[in-house]
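Visitor: Below are the structure tokens for one structure; questions will follow.
The values are calculated or read from the model by the stated rules, or taken from the named source; none is laboratory data. Every value quoted in this text rests on a predicted model; they were computed, and no experiment measured them. So basically every Cβ, Gly included, is an ideal-geometry build from the backbone, and we count neighbours across all protein chains shown.
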Amino acid sequence: MAAPAFKNGLVRWIDHRLPVFSFLHHELHDYPSPKNLSYWWNFGSLAGIVLVIMIVTGVFLAMHYTPHTAYAFDSVERIMRDVNYGWLIRYIHMNGASFFFIIVYIHIFRGMYYGSYKAPRELLWILGVVILLLMMATAFMGYVLPWGQMSFWGATVITNLFSAIPLVGDAIVTWLWGGFSVDNPTLNRFYSLHYLLPFLIVAVVMLHMVALHRFGSGNPLGIDVKGPQDSIPFHPYYTAKDAFGAGVFFIAFAGVVFFSPNLFGEPDNYIPANPLVTPPHIVPEWYFLPYYAILRAIPDKLLGVIAMFGSIFVLFLLPWLDTARVRSAKFRPTYRKFFWVLVVDCIVLGYVGANPPEGWFILVGRIATAYYFFHFLILLPVLGLIERPLPLPQSISAPVLKPAEGKA
Amino acid sequence: MRRLISAVALLLAFGAAAEAAEGAKPPAQHWSFSGIFGTFDRASLQRGFQVYKESCAACHAVNMLFYRDLKGIGYQEDDIKAIAAQAKVMDGPNDAGEMFERAGRPSDKFVRPFANENAARAGNNGALPVDLSMVTKARVGGPDYVYGVLTGYVQTPAGVTLMEGMNYNAYFPGHQIAMPPPLQADGVPYQDGTKATVEQQAKDVVTFLAWASEPTLEARKQMGIKVLLFLIVMTGILYAAKRKVWASVH
Ligand code: HEM
């Protein structure tokens, strides 16, 4: 790492002893990025911004929140009413979770479209899936904290899934609960873990960045950077582009936080938890609905749980399930169509998950579930072998340079 | 893309079918506090508070409210002291170790009609009059639903037999509700000359309950407009900056 000559003397003094400035310069300024990244590449930095927002608002909520079954609901309402700007902090945190998932889901589908998981970025992708799992655990436990009806019954339904494990299932559930039902010990441990996991996410995000900076970003063409004419320094080009994208994001986010803060929420969660009254429909938060649909599509409880976890586990294997050598769907006409079918399939799963398992929903849920696994386990390996990709451009700058050369 | 559109159409069709199965959806009302610029109509809030006090407070608590919160619906310090003083609050123990009753203060919570759930059920044929302080946020349909229940006492349709002590209601889930019709025409003497029809009282009390559910609604929307304006300008500038930075690349 060649240290740049910093003008400021203090900066030079510090950098000589603790090379943080060289590090930043290297990772931001020198770091070459492909020049053709589209706006789909904004979602990584957006996810990072939202993670920071979640931690900051979470720390302030934690100053006023009481993790006890008798006080939790009232303490959240007190935050909403009596803490200065408490309503703002809480609505940002509550909707931030939804926006976090929207961003990360787009980020993941971006990766699937452009084959971002392919060599040499397999570990980068796998770390991303680990982040997704940690986010899911964090959001699930966070949703329990306000101790409304959905908090309580959602926690009951989801923790009960572990009872499907043969022989030790019930013992595991008792262990998770810290008792014989979801109760104060459960709330306390969920709070503890809800505070801890976001910092684990930060750690995995750092590893994700280390892996990213090893080979740099992929790009919409899916071909490697061939030389300096293909790349530009991250700063100021992508800092400017990411900042603009963040502005657009904040407009959408503020629109929901200030004008429809309960858009993603369930009215039932404004009713205090009551173990004696089961709500008519127990539904998880929207970002869990597709998994919930997969769980319920399978009549056997244990197999359902396995399928649900399997739906995420296949993502770990994706770099090896996809046998195509071309990365970007731009040059894979058949894969491109199936990609969109998968997107629709996931939306259908989400819709089925939001509805009671009756009538048509059962059949649609089963077909959509089967299709989900078909896509990853059968279609991708086979398609990669038989599909004839379109010819790839010579280099990233080639398609841009060619017409210019023609003119000369 | 075509596939996407047909899939969306399919979803919408499912949605319509699901809605039809769930039954009467309360009609949407016009609320002063809805929309981006919505604020609570102060006169309606105060009338609504009066309706709550005189027609609902005998059964329903609003446990999240303190008397001091009434400042938010336009009452002055002295009015609030007077309103609070009408309530009897259990306090103590005093120096002799005894509980005692005293007049309410602005810092007290709204006094609730029943000491606990069992007492509330015992006084209402076994049904529980729910705490109303969050009710417009805690029901699908929100204020429209609550308005629907309050005005939805219609003739029991032929062929429906009600259980003992129940009333027929067009919008309450299952249609059988233990609450007797709580509003009567001119049941509440309005001071400001507004005619106290059942609809007007319902409108006013629901406005009051919507405020009770979220007293910070106005502050939220006012701040939201400023924040959005700022963000739009800032994003415009960021866009210009991005264009400038990238000008030499394309
Ligand atoms: C990955 C980042 C995070 C996610 C996805 C997340 C998600 C959530 C969710 C979904 C809720 C329920 C909101 C509601 O419905 O009221 C919640 C509540 C809460 N979270 Fe987080 N959270 C994150 C980080 C944090 C951190 C770092 C802290 C503490 C330092 C924290 C503290 C709290 C507290 C105290 C509550 C309860 C108050 C409330 O429900 O509004 N969160 N979180």
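Visitor: Could you go through the range A:188-199 and let me know if any residue there is in contact (Cβ under 8 Å) with a residue 12 or more places away in the chain, over 23 Å from A:Ile53 (Cβ atoms), away from the ligand (no atom under 16 Å from the Cβ) and in the same structural domain as A:Ile53 (by TED's automatic domain parsing).
Guide: Within the range A:188-199, none of the residues are in contact (Cβ under 8 Å) with a residue 12 or more places away in the chain, over 23 Å from A:Ile53 (Cβ atoms), away from the ligand (no atom under 16 Å from the Cβ) and in the same structural domain as A:Ile53 (by TED's automatic domain parsing).
Visitor: Run down A:Leu10, A:Leu88 and say which single residue is more than 14 Å from chain B (Cβ to nearest Cβ) and either over 27 Å from A:Tyr237 (Cα atoms) or within 12 Å of the ligand (Cβ to nearest atom) (or both). Even if it seems obvious, please write down each step before you answer.
Guide: Values: A:Leu88 fails: more than 14 Å from chain B (Cβ to nearest Cβ).
Going through A:Leu10, A:Leu88 in turn, just one is more than 14 Å from chain B (Cβ to nearest Cβ) and either over 27 Å from A:Tyr237 (Cα atoms) or within 12 Å of the ligand (Cβ to nearest atom) (or both): A:Leu10.
Visitor: So if I check each of B:Pro129, B:Pro143, B:Pro157, B:Pro113, which one is surrounded by fewer than 16 Cβ atoms within 10 Å (Cβ to Cβ) and either outside any loop (DSSP other than H, G, I, E, B) or within 19 Å of the chain's Cα centre (by Cα) (or both)? Before the answer, list the steps.
Guide: Working: B:Pro129 fails: surrounded by fewer than 16 Cβ atoms within 10 Å (Cβ to Cβ); B:Pro143 fails: surrounded by fewer than 16 Cβ atoms within 10 Å (Cβ to Cβ); B:Pro157 fails: either outside any loop (DSSP other than H, G, I, E, B) or within 19 Å of the chain's Cα centre (by Cα) (or both).
Within the list B:Pro129, B:Pro143, B:Pro157, B:Pro113, the selection yields B:Pro113.
Visitor: Got a sec? Which of A:Pro356, A:Pro290, A:Pro299, A:Pro333 is surrounded by 16 or more Cβ atoms within 10 Å (Cβ to Cβ) and either away from the ligand (no atom under 16 Å from the Cβ) or modelled with pLDDT of 95 or more (or both)?
Guide: On the way: A:Pro356 fails: surrounded by 16 or more Cβ atoms within 10 Å (Cβ to Cβ); A:Pro299 fails: surrounded by 16 or more Cβ atoms within 10 Å (Cβ to Cβ); A:Pro333 fails: surrounded by 16 or more Cβ atoms within 10 Å (Cβ to Cβ).
Exactly one of A:Pro356, A:Pro290, A:Pro299, A:Pro333 is surrounded by 16 or more Cβ atoms within 10 Å (Cβ to Cβ) and either away from the ligand (no atom under 16 Å from the Cβ) or modelled with pLDDT of 95 or more (or both), namely A:Pro290.
Visitor: Take the range A:101-136 and flag every residue that is over 30 Å from A:Ser181 (Cα atoms), among the aromatic types (Phe, Trp, Tyr) and within 16 Å of the ligand (Cβ to nearest atom). Before the answer, list the steps.
Guide: Here is the first cut: in the range A:101-136, the residues over 30 Å from A:Ser181 (Cα atoms) are A:102-129.
Of the ones still in play, those that are also among the aromatic types (Phe, Trp, Tyr) are A:105, A:109, A:113-114, A:117, A:125.
A:Tyr105, the sole residue that qualifies.
Visitor: Here is a further query. Counting just the residues of the range A:58-74 that are more than 12 Å from chain B (Cβ to nearest Cβ) and more than 27 Å from the chain's Cα centre (by Cα), which one comes out surrounded by the fewest Cβ atoms within 10 Å (Cβ to Cβ)?
Guide: Residues of the range A:58-74 more than 12 Å from chain B (Cβ to nearest Cβ): A:58-72.
Subsequent filtering for residues that are more than 27 Å from the chain's Cα centre (by Cα) retains A:64, A:66, A:68-72.
Details: A:His64: 15, A:Thr66: 16, A:His68: 14, A:Thr69: 19, A:Ala70: 11, A:Tyr71: 13, A:Ala72: 23.
Selected residue: A:Ala70.
Visitor: Taking the condition touching a residue at least 60 places away in the same chain (Cβ under 8 Å), farther than 30 Å from A:Trp87 by Cβ and more than 14 Å from every other protein chain (Cβ to nearest Cβ), does B:Gly159 pass? First the steps, then the outcome.
Guide: Values: touching a residue at least 60 places away in the same chain (Cβ under 8 Å): no; farther than 30 Å from A:Trp87 by Cβ: yes; more than 14 Å from every other protein chain (Cβ to nearest Cβ): yes.
No: the conditions fail for B:Gly159.
Visitor: Considering (1) more than 30 Å from A:His107 (Cα to Cα); (2) within 8 Å of the ligand (Cβ to nearest atom); (3) away from every other protein chain (no Cβ under 14 Å), say which one A:Leu51 fails and leave the rest.
Guide: (1)
Visitor: Just for the range A:54-68: of the residues that are within 9 Å of the ligand (Cβ to nearest atom) and free of Cβ contacts under 8 Å to residues at least 60 places away in the same chain, which one is nearest to A:Phe234 (Cα to Cα)?
Guide: For the range A:54-68, the residue satisfying everything is A:Val56.
Visitor: Collect the residues in the range A:217-237 that are within 12 Å of another protein chain (Cβ to nearest Cβ) and of a type in the set (S, T, N, Q), keeping them in residue-number order.
Guide: Within the range A:217-237, A:Gln229, A:Ser231 qualify.
Visitor: Report, by residue number, each residue of the range A:362-394 that is buried (at least 19 other Cβ atoms within 10 Å of the Cβ), closer than 15 Å to A:Pro333 by Cα and among the aliphatic types (A, V, I, L, M).
Guide: A:Leu379, A:Leu380
Visitor: Restricting the range A:1-44 to residues that are surrounded by fewer than 14 Cβ atoms within 10 Å (Cβ to Cβ) and hydroxyl-bearing (Ser, Thr, Tyr), which is nearest to A:Gly218 (Cα to Cα)?
Guide: Applying the filter and picking the extreme gives A:Ser38.
Visitor: Would you confirm whether or not the range B:196-218 contains a residue that is surrounded by fewer than 17 Cβ atoms within 10 Å (Cβ to Cβ), aromatic (Phe, Trp, Tyr) and either away from chain A (no Cβ under 14 Å) or in contact with a strand residue (DSSP E or B) (Cβ under 7 Å, 6 or more places away or on another chain) (or both)?
Guide: From the range B:196-218, those surrounded by fewer than 17 Cβ atoms within 10 Å (Cβ to Cβ) are B:197, B:199, B:218; that's our starting set.
With the extra rule that they be aromatic (Phe, Trp, Tyr), the set shrinks to none.
Among the residues of the range B:196-218, not one is surrounded by fewer than 17 Cβ atoms within 10 Å (Cβ to Cβ), aromatic (Phe, Trp, Tyr) and either away from chain A (no Cβ under 14 Å) or in contact with a strand residue (DSSP E or B) (Cβ under 7 Å, 6 or more places away or on another chain) (or both), which makes the answer no.
Visitor: Which residues, taken from the range B:219-250, are more than 7 Å from every other protein chain (Cβ to nearest Cβ) and over 24 Å from B:Trp31 (Cα atoms)?
Guide: Kept after step one, since they are more than 7 Å from every other protein chain (Cβ to nearest Cβ), are these residues of the range B:219-250: B:219, B:222, B:225-226, B:229-230, B:233, B:236-237, B:240, B:243-244, B:247-248, B:250.
Answer for the range B:219-250, where residues must be more than 7 Å from every other protein chain (Cβ to nearest Cβ) and over 24 Å from B:Trp31 (Cα atoms): B:Leu229, B:Phe230, B:Val233, B:Gly236, B:Ile237, B:Ala240, B:Arg243, B:Lys244, B:Ala247, B:Ser248, B:His250.
Visitor: Same structure, new question: Given the residues A:Leu88, A:Leu51, A:Leu61, which is the only one that is in the same structural domain as A:Thr138 (by TED's automatic domain parsing), farther than 16 Å from A:His194 by Cβ and at pLDDT 95 or above? If you could, list the steps in order and put the result at the bottom.
Guide: On the way: A:Leu51 fails: farther than 16 Å from A:His194 by Cβ; A:Leu61 fails: farther than 16 Å from A:His194 by Cβ.
From the options A:Leu88, A:Leu51, A:Leu61, the qualifying one is A:Leu88.
Visitor: Here's something else I'd like to know. Mind checking which helices (runs of 4 or more DSSP H) fall wholly inside the range A:53-156 and carry at least 2 residues that are in contact with an Asp or Glu (Cβ under 6 Å, 6 or more places away or on another chain) and aromatic (Phe, Trp, Tyr)? Steps first, answer last, please.
Guide: Values: elements: A:72-81, A:86-113, A:122-144.
Helices (runs of 4 or more DSSP H) meeting the threshold: none at all.
Visitor: From (1) more than 21 Å from A:Ile55 (Cβ to Cβ); (2) buried (at least 19 other Cβ atoms within 10 Å of the Cβ); (3) within 16 Å of the ligand (Cβ to nearest atom), pick out the condition that doesn't hold for A:Ala139.
Guide: (1)
Visitor: List, please: which pairs have Cβ atoms under 6 Å, are six or more places apart or on different chains, and start with a residue in the range A:132-158 that is at negative phi and end with one that is in a helix (DSSP H, G or I) and among the acidic types (Asp, Glu)?
Guide: A:Gln149/A:Asp268; A:Met150/A:Asp268
Visitor: Among the listed residues A:Asn262, A:Asn355, which satisfies the condition of being polar (S, T, N, Q), more than 23 Å from A:Gly115 (Cα to Cα) and in contact with a Lys or Arg (Cβ under 8 Å, 6 or more places away or on another chain)? Write out each step before concluding.
Guide: On the way: A:Asn355 fails: in contact with a Lys or Arg (Cβ under 8 Å, 6 or more places away or on another chain).
Testing whether each residue is polar (S, T, N, Q), more than 23 Å from A:Gly115 (Cα to Cα) and in contact with a Lys or Arg (Cβ under 8 Å, 6 or more places away or on another chain) leaves just A:Asn262.
Visitor: Can I ask one more? Given the options A:Ala211, A:Ala254, A:Ala246, A:Ala240, name the one that is part of a helix (DSSP H, G or I), away from the ligand (no atom under 16 Å from the Cβ), more than 14 Å from chain B (Cβ to nearest Cβ) and farther than 16 Å from A:Asp30 by Cβ. Spell out the reasoning first.
Guide: Values: A:Ala254 fails: more than 14 Å from chain B (Cβ to nearest Cβ); A:Ala246 fails: more than 14 Å from chain B (Cβ to nearest Cβ); A:Ala240 fails: more than 14 Å from chain B (Cβ to nearest Cβ).
Criteria check complete, one pass: A:Ala211.
Visitor: Considering only residues that are of a type in the set (Gly, Ala, Ser) and either in contact with a Cys (Cβ under 7 Å, 6 or more places away or on another chain) or without any contact (Cβ under 8 Å) to a residue 40 or more places away in the chain (or both), which ones fall in the range A:328-369? Step through it out loud before you land on a result.
Guide: Of the residues in the range A:328-369, the ones of a type in the set (Gly, Ala, Ser) are A:328-329, A:350, A:353-354, A:359, A:365, A:368.
Within the range A:328-369, A:Gly359 is the sole residue that qualifies.
Visitor: In addition: Consider the range A:20-67. How many of its residues are under 19 Å from A:Ala243 (Cβ atoms) and of a type in the set (D, E, K, R)?
Guide: Qualifying residue count for the region: 2.
Visitor: Quick one: is B:Gly74 under 30 Å from A:Leu263 (Cα atoms) and under 15 Å from the mean Cα position of the chain (by Cα)?
Guide: On the way: under 30 Å from A:Leu263 (Cα atoms): yes; under 15 Å from the mean Cα position of the chain (by Cα): no.
Here the answer is no, as B:Gly74 does not meet what is asked.
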